[in-house]
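Accompanying notes for the structure given below.
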Amino acid sequence: MPSKKALVRRPSPRLAEGLVTHIDRQRVDHGLAVEQWEAYVEALRAHGWETQEVDPADDCPDSVFVEDTVVMYRNVALITRPGAESRRAETAGVEEAVARLGCSVNWIWEPGTLDGGDVLKIGDTIYVGRGGRTDAAGVQQLRAAFEPLGARVVAVPVSKALHLKSAVTALPDGTVIGHIPTTDVPSLFPRFLPVPEESGAHVVLLGGGKLLMAASAPKTADLLADLGHEPVVVDISEFEKLEGCVTCLSVRLRELYA
């Protein structure tokens with residue numbers, strides 16, 4: 001049976017100091033962010049996911065974006081080496097968390113850099129965004145870790161958004177969805193569906209056709225509902241001010257061995 005565990009990490013008191021790259025800095029309401037994070041976690045739980053909190057990293061402003069610190073393939077956890085040096089202290093707590101779950105643990109080593117937000121898995125195909133936070137050495141090391149396990153790794157350029165999954169994610173049938181202005185080369189994906197809003201490109205597959213997505217993409221939610229999916233909407237406005245989205249606030253572990 002597939003596992004439904006999700007790692008999450010409580011927002012740092014320094015959240016408002018988080019990095020911004022492609023947007024202008026806005027004021028972040030920390031209290032509201034905590035409320036939104038709690039609602040996000042509850043949405044996962046309400047749809048059958050067992051959430052596990054990684055130990056807080058209060059001195060790391062971006063630590064709530066836990067997905068960037070590890071990439072999962074089957075039972076193997078690849079601890080990343082984030083492209084932003086200020087984020088590298090975030091990985092230690094995540095390494096402990098996945099080890100407790102019985103994962104086999106590998107690492108990205110210097111000089112490679114890799115952010116988990118640059119990795120989109122569709123079946124056994126792993127798309128890796130090569131751009132601002134992930135370099136060629138990081139892609140090579142990810143390939144070396146996962147291709148022997150049966151993965152096919154495809155590197156794609158990312159220049160118009162922070163991460164690959166800031167631009168595209170995938171529906172349950174493998175169709176890639178993305179906002180054209182932030183997607184470098186849509187033709188690289190076998191099936192691509194444009195969506196009308198930037199934040200509409202971000203979905204988390206909850207199971208049973210349900211898609212966790214941001215409240216800031218109502219037109220996309222309507223489009224996906226018309227296609228037979230069931231949007232589950234959460235407000236993550238404070239995290240969107242830091243280029244966050246629904247995917248990067250958790251790490252979904254779907255293939256843990258029993």
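The values are calculated or read from the model by the stated rules, or taken from the named source; none is laboratory data. Please read all numbers here as calculations on a predicted model, not as lab measurements. Every residue, glycine as well, gets a Cβ built from its backbone with ideal geometry; the counts of neighbours run over all protein chains shown. Areas reflect the complete protein model, heavy atoms only, side chains present, ligands, DNA and RNA absent. Shrake-Rupley method; radii C 1.70, N 1.55, O 1.52, S 1.80 Å.
For segment 76-89, give me each residue that is without any contact (Cβ under 8 Å) to a residue 60 or more places away in the chain and over 14 Å from Gly117 (Cα atoms).
From segment 76-89, those without any contact (Cβ under 8 Å) to a residue 60 or more places away in the chain are 77, 79-83, 85, 88-89; that's our starting set.
Those that are without any contact (Cβ under 8 Å) to a residue 60 or more places away in the chain and over 14 Å from Gly117 (Cα atoms): Ala77, Glu85, Arg88, Ala89.
Tally up the residues in segment 142-194 that are more than 21 Å from Ile79 (Cβ to Cβ) and among the charged types (D, E, K, R), please.
Summing the residues that are more than 21 Å from Ile79 (Cβ to Cβ) and among the charged types (D, E, K, R) in segment 142-194 gives 5.
Do we find a residue being of a type outside the set (Lys, Arg) and within 24 Å of Gly208 (Cβ to Cβ) anywhere in segment 7-29?
Checked against the condition, which is being of a type outside the set (Lys, Arg) and within 24 Å of Gly208 (Cβ to Cβ), segment 7-29 yields at least one hit.
For segment 93-112, name all the residues that are in contact with an Asp or Glu (Cβ under 9 Å, 6 or more places away or on another chain) and open to solvent by 20 Å² or more (accessible area, probe 1.4 Å).
Residues satisfying the conditions are Glu96, Val105, Trp107, Pro111.
Kindly indicate the residue of segment 151-176 that is free of Cβ contacts under 8 Å to residues at least 40 places away in the same chain and open to solvent by less than 50 Å² (accessible area, probe 1.4 Å) and also nearest to Gly200 (Cα to Cα) among those meeting that condition.
Result: Ala167.
Which one is farthest from Arg252 (Cα to Cα), of the residues in segment 16-40 that are in contact with a Pro (Cβ under 6 Å, 6 or more places away or on another chain) and open to solvent by less than 10 Å² (accessible area, probe 1.4 Å)?
Gly18
Just name the residue that is farthest from Leu162 (Cα to Cα) out of those in segment 184-243 that are assigned to a loop (DSSP other than H, G, I, E, B) and of a type in the set (Asp, Glu). Before you say what the answer is, go through the steps one by one.
To start, the set of residues in segment 184-243 that are assigned to a loop (DSSP other than H, G, I, E, B) comprises 184-185, 189-191, 195-197, 202-203, 208-209, 215-217, 227-229, 235-236, 241-243.
Filter once more, so that each one left must be of a type in the set (Asp, Glu): 184, 197, 235, 243.
Working: Asp184: 12, Glu197: 16, Asp235: 20, Glu243: 7 Å.
Across segment 184-243, the extreme among qualifying residues is Asp235.
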